[in-house]
Amino acid sequence: MTSSHLLTGVRPYGEDPTDILIADGQIAALGPEAASQAPSGTQRHDLEGLVALPGLVDLHTHLREPGGESAETVFSGTRAAAVGGYTAVFAMANTHPVQDNAGVVEQVLRLGREAGWVDVHPVGAVSQGLEGKHLSEMGAMAHSAARVRVFSDDGKCVSDPVLMRRALEYVKAFDGVIAQHSQDPRLTEGSQMHEGAVSAELGLRGWPAVAEESIIARDVLLAEHVGSRLHVCHLSTAGSVDLVRWAKGRGIQVTAEVTPHHLLLTDELARSYSPLYKVNPPLRTAEDVEAVRQALADGTIDVVGTDHAPHPLESKDCEWQAGAFGMTGLETALPVLIETMVSTGRMS
């Protein structure tokens, strides 16, 4: 039996209202003729004033399962994604066990299919156990049922330049991409928030912008040298924007993402001492926020990635220094993007 739905008064891409006929999960008609083509039994939905968009894709989601089910499961995380308008998510590798072999990525793929809310694409780890010492089984993951093409140690930086170079070289064989968490750990040990006037005033150890920027500078040069693809996760500083813009100008194969919270929030929120605002990379200055907004508008930044990173309540309902790094974003990303970029006239 055909399942059909008629959406009336909806605004595709925010344009003039029209009708959309959906049959068996596909758009069957668009415009005034949609109503006349609707078969008997079609369910009618009056969506006057609402906007219709293609399904969103999140390149940066932490679903936590396996091993972190107290914070999130594949079922709950993908359900949140569906609520937020997403139809596909890329599940980061920092699970327990780590997604560093074919067996684990195929498990995550299976869990996503069983949940049934959105498509789940597992991200493979770059290094075994996220330890940054030896390459993971990238080839096996690429040729597994999960067909992994994105590899990342996100949550940790691939700080060893030799390992990073080898990873960039290796993924060329199957047109893969390395997604880097750009953070020099030697510059951020014990850091609690962005290094600047607010951190000095609050007496919290600062997280310098150069910790991010120095890794991006190194990695774009490695990507150019190797001729491979690099993706910069959660870019957050004006200096990082400049580096990516420079790299793209040289024809280097680099893409970059920004999170909704780095588009919206600043380090001033650390004054609340609420761990809700404790994220990695940290919330930056108003000047950095302006820079990443402009970079998203002009195409220097390619995509908004949520870095959806849920935690158990006790990891956030505590003192700042004891709080975990991370913020959820799947259900709020689109409203934040509309508020910061569309309502301000930067994007349509």
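Distance between the C-alpha centres of region 135-154 and region 1-59: 37 Å, rounded to the whole angstrom. For residue 51, nonlocal amide neighbours, meaning residues 5 or more places apart or on other chains whose placed amide H falls under 5 Å from its own, are 11. For region 307-336 and region 188-245, what is the centre-to-centre distance using only Cα atoms, to the nearest Å? Using only Cα atoms to place each centre, the spacing works out to 21 Å. As a calculated quantity, the FRET efficiency between residue 5 and residue 348 at R0 = 30 Å, using C-beta atoms, amounts to about 0.65. A cut-off under 14 angstrom between Cβ atoms defines the neighbours of residue 274, and their net charge, with Lys, Arg +1 and Asp, Glu -1, is -1.
Note on semi-axes √(5λ) of the Cα gyration tensor in Å: of the candidates (i) 35, 25, 21; (ii) 39, 30, 23; (iii) 39, 31, 16, the value calculated from this structure sits at (i). Applying the Kirkwood pairwise sum to the alpha-carbon positions of region 13-155 produces a hydrodynamic radius of 17.0 angstrom. The packing ranking, built from the mean of other Cβ atoms within 10 Å per residue, places the peptides 331-337, 98-104, 195-201 in the order 98-104, 331-337, 195-201, highest first. In order along region 22-34, the Karplus-derived 3J(HN,Hα) couplings, from 6.51 cos²θ - 1.76 cosθ + 1.60 at θ = phi - 60°, round to 10, 10, 6, x, 10, 6, 9, 7, 9, x, x, 6, 4 Hz, and Gly and Pro are given as x.
Here the Kirkwood formula puts the hydrodynamic radius of region 4-46 at 10.1 Å, using every distinct Cα pair. Peptides 11-21, 33-43 ranked from most to least packed, by the mean per-residue count of other Cβ atoms within 10 Å: 11-21, 33-43. With K and R counted +1 and D and E -1, the other residues having a Cβ less than 11 Å from that of residue 326 yield a net charge of +1. Highest mean first, the peptides 248-256, 164-172 sorted by other C-beta atoms within 10 Å per residue fall in the order 164-172, 248-256.
Considering only alpha-carbon pairs that sit under 8 angstrom and 6 or more positions apart, the relative contact order computed for region 4-46 is 45 percent.
Residues in region 255-263 carry Karplus couplings, in order, of 10, 8, 10, 10, 8, x, 6, 7, 7 Hz; the curve used is 6.51 cos²θ - 1.76 cosθ + 1.60 with θ = phi - 60°, and Gly or Pro positions show x.
Phi-derived couplings, Karplus 6.51 cos²θ - 1.76 cosθ + 1.60 at θ = phi - 60°, listed residue by residue for region 59-71: 7, 8, 10, 10, 8, 6, 8, x, x, x, 5, 5, 9 Hz, with x used for Gly and Pro. Simple spin-label estimate for residue 210 and residue 286 gives 2.6 nm between the two label positions (7 Å along the Cα-to-Cβ direction from each Cα). Close amide-amide hydrogen proximity is noted between residue 194 and 207, 283, each under 5 Å apart and 5 or more residues distant or on a separate chain (H modeled in the peptide plane; Pro and chain starts excluded). Using modelled amide H (1.01 Å from N, peptide plane; none on Pro or chain starts), what sits under 5 Å from the amide H of residue 327, excluding residues fewer than 5 places away? HN-HN under 5 Å from residue 327: 309.
The numbers here are math on the coordinates, done by the rules we state, and not lab data. These numbers were taken from a predicted model, which means no experiment stands behind them. Backbone-built Cβ (ideal geometry, glycine too); neighbour counts: all protein chains shown.
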